[in-house]
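The values are calculated or read from the model by the stated rules, or taken from the named source; none is laboratory data. Being a predicted model, the structure only gives us computed values, none of them experimental. Counting neighbours? That spans all protein chains shown, and the Cβs are built from the backbone with ideal geometry, glycine included. Calculation scope for accessible area: heavy atoms of the full protein, side chains included, ligands and nucleic acids excluded. Shrake-Rupley method; radii C 1.70, N 1.55, O 1.52, S 1.80 Å.
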Amino acid sequence: MTDQLLQFVNTGGSLALALILMASCLAVPVPAALVMMAVGSLVEQGEIEALPFFLAGLAGSVVGDQLGYLIGHTGRSRVRASAEHGWLAATLQKAERFETRWGDLGIFLSRWLLSPMGPWINLVAGMTGYSWARFSFFGLLGEAVWVAGYLALGVTFSRSVEMLSELLGSLTWFIVSALVAGILGWKLFTLARTHRRQR
């Protein structure tokens, strides 16, 4: 898939990149980070200019986030009905707990540091009536960090883009898992302490 996406970017330019990143923000399983780093590698080789691709990547990511928020906001009853059981229900519950706990910081971090959670945070933010203005502001900041960061990584590690992508992917999932485990551990600790006080 990666080769086809890179060919798509080669032929479609910055608009193609915007479409790929928009799809990624809507939970379409595309290797967006690898594509972004490959674009950075092309910048380093002097084949393309950085600014148009940075702006297109940022625009595509923001549009994808906004569409996710809109789907959650306008179709909340349908989303909840389709997410009563299974992996989607569990994923949305985790995203809702994360959003409730971290608020604006959670929106910001889920754009770049915890990006696998991003599409689900978008849905949940819309479903729960999270402030659109705050969602948009912190989402824009986070997406700017993501696009600039992966573009810079592609420029810096031009000859090792694929290896770096695999390393960062593993690291991101480790951080997500550790964060979820930490939240669950804290909740168990709080429940145990409350139970002891009631005895």
**OP:** Determine the gain in length on full extension of the stretch R97-R134; use 0.36 nm per residue of separation and subtract their C-alpha separation, reporting nm with one decimal.
**Re:** 11.5 nm
Original post:
So who's got an amide H within less than 5 Å of the one on I48, skipping anything under 5 residues away but keeping other chains? H placed 1.01 Å off N, in plane.
Top reply: V43
Original post:
To the nearest 10 square angstrom, how much accessible area does R76 have with a 1.4 angstrom probe?
Top reply: 90 Å²
**OP:** Determine ³J(HN,Hα), in whole Hz, for all residues of segment 142-154 in sequence, where each value follows from phi through the Karplus function 6.51 cos²θ - 1.76 cosθ + 1.60 and θ = phi - 60°; x replaces Gly and Pro.
**Re:** x, 5, 4, 5, 4, 5, 5, x, 6, 4, 5, 4, x
**OP:** Give the calculated FRET efficiency between A27 and E47 to the nearest 0.05, with a Förster radius of 25 Å applied to their Cβ-Cβ distance.
**Re:** 0.25
**OP:** Output ³J(HN,Hα) for segment 6-14: one whole-Hz value per residue in order, computed from phi by the Karplus curve 6.51 cos²θ - 1.76 cosθ + 1.60 with θ = phi - 60°, and x for Gly and Pro.
**Re:** 5, 5, 4, 5, 4, 8, x, x, 5
**OP:** Kindly report, to the nearest 10 Å², the accessible surface of M22 as traced by a 1.4 Å probe over protein heavy atoms only.
**Re:** 50 Å²
**OP:** Please turn the phi angles of segment 124-130 into ³J(HN,Hα) values with the Karplus equation 6.51 cos²θ - 1.76 cosθ + 1.60 (θ = phi - 60°), one per residue in order, whole Hz, x for glycine and proline.
**Re:** 5, 4, x, 5, 8, x, 4
